[in-house]
């Protein structure tokens, strides 16, 4: 079985300091170090484990510019066999979903793993759209997954300590939550082996997706920082007096007591 | 002046777990305030202990009566010209790095305590760390210092400034080994005040150099045994010395024995291995060239590529660093739980003596964990006694190891310094000329022996007679 996994190149939030483009209509990508979306790493690991258990081929797919293709290569050292880089601009979630669905169809994936959210736009929109476009079931925010090659069982934490278990038949789109697995350590041997692996570059046209299909239905008009937090207040005086004043402020002013 | 014993109590210990005593605490905000305190102390014969972040393992920050001068309120970064940072002594190394990182640069010394220690502390102890294999200790990065002398005089020492003619010169035989044991054979006035453990002056501001950030790949090589790890370290060191920007030119070479790896088995891909090396390879030739060369080296020494954990991004490197730093942290946890003292070595030896030292470390009479800076022949043997009897045995063994290290041309302390805990051994092992000349310099700069009294050495004559 071909096991698909969607990978997005997102800013490395640990080291990135964001700057907006001059028109405030986007992020200045030149200032950003990109890496694999952290939740996609769980998706990659789950795909690799499924292959190790059942055989097959793990194919990672990304949509984006050459930089995204480079980030996709990082997954080749941690269990992915082959990459497909759709060379296109990420205009909005639906356009991206159309491209990913087209790849899933042409590759004939039996299952598609994604991260539950991309840490850049936090939209959580694409996987559900892909499932809808493919006519597949979709289970989101999955913390445990198993399959016998024909059917699957997926668990998701639905809050309040309650676990929901979903079963069904493949194919399915699964989105990975933290805790689904522990992504593997990268081995030098695998990094070297990854150099021989292939990332195929395809275009929207070659996938049969037209420019009209990719016309954005959502446009991003402006980016701005959240409003600055008001300055903290220091209450002077001795402890008993300050505590009294604090309680008064919390009750009368902040109205939280 | 703060006299509240509850406040002072927070300043009486460092990572050595010695507990000092003091009558008063000062938290000056300017060098002139520091000077006024020292002038008065010198006049009244009051001992003064400078205090930074108290991360030293040697007791050098534990006062023996008198006053404490904490630099915690002098933590301004004063200037940055793209290379040299001017900062007050109380600034944290982490704050310094945060500023530099914004400019794509970093401060090369990386003591284990860098998240909590201060620039002044790093200078006073000539701090080093894993990366000192490549970058050396703090001394190399100091350009200038503002120092308040024990007499209350303020001086600004710049690199190349001659040492005043009437300051006795420290007599110290040249050594090929990284050492933090005693005063340096200073080449200029700056050198005098780096690594003096707060005994010759209080640094209030420093100008330190930085380097451009270089991307690195981290490799954690699991080896079947010590021999393979040592062979790999030797080969990597030879390569790095031959060509500092070659395909194999690590900036640190860290060693872990089987016991150390067992402590961190949840943080690495391997539950067990005979030994391991951790190296950071700066990427100066393209990642592939470095990885290929290291792979050849791994094969050549009898490890296998499947045994090499590789980190090519920040996440992976953070995981490796977390594993590395967990070793000493978990050793300490274990000892604290058992209520027993930590007995850890800080010895370093010349290349030729390392193999014999390894044998000696591995023959320890009590359970132990061995790890550290193999590139500098500087391992930390942590002895883990299980009983009071074993504590005595461990101490005796540590002494024998120290004697063997010194005998082979090594040092009692490669990075932690002498402080209070090792001064008796320093007295025993240091060359007599070094002790005599060091005391002469101390006497000249600090006639009342007020500053960090009892750190590094005592006055030659009993304290009462020395006045």
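The values are calculated or read from the model by the stated rules, or taken from the named source; none is laboratory data. Since the structure is predicted, the reported quantities are computational estimates derived from the model, not experimental observations. All Cβ positions, glycine included, derive from the backbone under ideal geometry; neighbour counts span all protein chains shown.
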The lone condition residue B:459 fails out of (1) at pLDDT 95 or above; (2) surrounded by 16 or more Cβ atoms within 10 Å (Cβ to Cβ); (3) more than 23 Å from residue B:341 (Cβ to Cβ) is (1)
Check on residue B:82, within 30 Å of residue B:129 (Cβ to Cβ), within 19 Å of the chain's Cα centre (by Cα) and in a loop (DSSP other than H, G, I, E, B): no
Just to verify a result, which residue in region B:85-95, among those that are without any contact (Cβ under 8 Å) to a residue 60 or more places away in the chain, over 14 Å from the mean Cα position of the chain (by Cα) and not in a strand (DSSP E or B), is surrounded by the most Cβ atoms within 10 Å (Cβ to Cβ)? B:90
Just checking, which of B:24, B:53 is touching a helix residue (DSSP H, G or I) at 6+ places or on another chain (Cβ under 9 Å) and within 30 Å of residue B:414 (Cβ to Cβ)? B:53
Boolean, residue A:99 is in the same structural domain as residue A:48 (by TED's automatic domain parsing), surrounded by 21 or more Cβ atoms within 10 Å (Cβ to Cβ) and not in a strand (DSSP E or B): yes
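Rundown of residues vs (1) closer than 21 Å to residue B:271 by Cβ; (2) free of Cβ contacts under 8 Å to residues at least 60 places away in the same chain; (3) in contact with a strand residue (DSSP E or B) (Cβ under 8 Å, 6 or more places away or on another chain); (4) surrounded by 14 or more Cβ atoms within 10 Å (Cβ to Cβ), yes/no style:
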residue	(1), (2), (3), (4)
B:312	no, no, yes, yes
B:315	no, yes, yes, yes
B:325	yes, no, no, yes
B:333	yes, yes, no, no
B:336	no, yes, no, no
B:340	no, yes, no, yes
B:344	no, no, yes, yes
B:352	no, yes, no, no
B:355	no, no, no, yes
Out of all the residues in region A:206-217, is one or more crowded, with 17+ Cβ neighbours inside 10 Å, part of a strand (DSSP E or B) and within 21 Å of the chain's Cα centre (by Cα)? no
Could you list all residues from region B:31-79 that are closer than 17 Å to residue B:91 by Cβ, touching a residue at least 60 places away in the same chain (Cβ under 8 Å) and part of a strand (DSSP E or B)? B:50, B:69, B:78
Restricting to region B:301-334, name every residue that is under 15 Å from residue B:273 (Cβ atoms), facing chain A (nearest Cβ under 9 Å) and assigned to a helix (DSSP H, G or I). B:305, B:306, B:307
Count of residues meeting criterion [surrounded by 15 or more Cβ atoms within 10 Å (Cβ to Cβ) and away from every other protein chain (no Cβ under 14 Å)] in region B:262-274: 2
When only residues in region A:170-193 that are out of contact with any strand residue (DSSP E or B) (no Cβ under 7 Å at 6 or more places or on another chain), closer than 25 Å to residue A:104 by Cα and crowded, with 18+ Cβ neighbours inside 10 Å count, which is nearest to the other protein chains (Cβ to nearest Cβ)? A:183
Being farther than 23 Å from residue A:6 by Cβ and in a loop (DSSP other than H, G, I, E, B) is the filter here; which residues of region A:159-184 pass it? A:159, A:160, A:161, A:162
For region B:275-294, enumerate the residues that are within 14 Å of chain A (Cβ to nearest Cβ), without any contact (Cβ under 8 Å) to a residue 60 or more places away in the chain and closer than 18 Å to residue B:234 by Cβ. B:276, B:293
Filtered residues of region A:52-77 (kept if at pLDDT below 95 and assigned to a loop (DSSP other than H, G, I, E, B)): A:65
I'd like to check something: does region A:49-72 contain any residue that is in contact with a helix residue (DSSP H, G or I) (Cβ under 6 Å, 6 or more places away or on another chain) and within 14 Å of chain B (Cβ to nearest Cβ)? no
If we keep only residues of region A:77-101 that are under 15 Å from residue A:135 (Cα atoms) and without any contact (Cβ under 8 Å) to a residue 40 or more places away in the chain, then the residue farthest from the chain's Cα centre (by Cα) is A:101
Do we find that residue A:133 is under 21 Å from residue A:107 (Cβ atoms) and in contact with a helix residue (DSSP H, G or I) (Cβ under 8 Å, 6 or more places away or on another chain) in this structure? yes
Hey, does region A:102-116 have a residue that's touching a residue at least 40 places away in the same chain (Cβ under 8 Å), assigned to a helix (DSSP H, G or I), in contact with a helix residue (DSSP H, G or I) (Cβ under 6 Å, 6 or more places away or on another chain) and surrounded by fewer than 23 Cβ atoms within 10 Å (Cβ to Cβ)? yes
Tell me, which strands (runs of 3 or more DSSP E) lie completely within region B:102-216 with 2 or more residues that are over 21 Å from residue B:449 (Cβ atoms), away from every other protein chain (no Cβ under 14 Å) and touching a residue at least 60 places away in the same chain (Cβ under 8 Å)? B:142-148, B:202-208
Residues of region A:8-26 being more than 12 Å from residue A:75 (Cβ to Cβ) and either within 18 Å of the chain's Cα centre (by Cα) or within 13 Å of chain B (Cβ to nearest Cβ) (or both), in sequence order, are A:10, A:11, A:12, A:13, A:14, A:15, A:16, A:17, A:19
Confirm whether residue B:372 is out of contact with any helix residue (DSSP H, G or I) (no Cβ under 7 Å at 6 or more places or on another chain) and part of a strand (DSSP E or B). yes
What residue, of B:433, B:376, B:389, is assigned by TED's automatic domain parsing to the domain that holds residue B:328 and within 26 Å of residue B:198 (Cα to Cα)? B:376
When residue B:306 is evaluated against the numbered criteria (1) in contact with a helix residue (DSSP H, G or I) (Cβ under 6 Å, 6 or more places away or on another chain); (2) buried (at least 21 other Cβ atoms within 10 Å of the Cβ), which criterion, by number, is the only one it fails? (2)
Based on what the data block shows, is residue B:112 at pLDDT below 95, at negative phi and in contact with a helix residue (DSSP H, G or I) (Cβ under 8 Å, 6 or more places away or on another chain)? yes
For residue A:201, only one of the following conditions fails: (1) under 22 Å from the mean Cα position of the chain (by Cα); (2) surrounded by 12 or more Cβ atoms within 10 Å (Cβ to Cβ); (3) within 14 Å of chain B (Cβ to nearest Cβ). What is its number? (3)
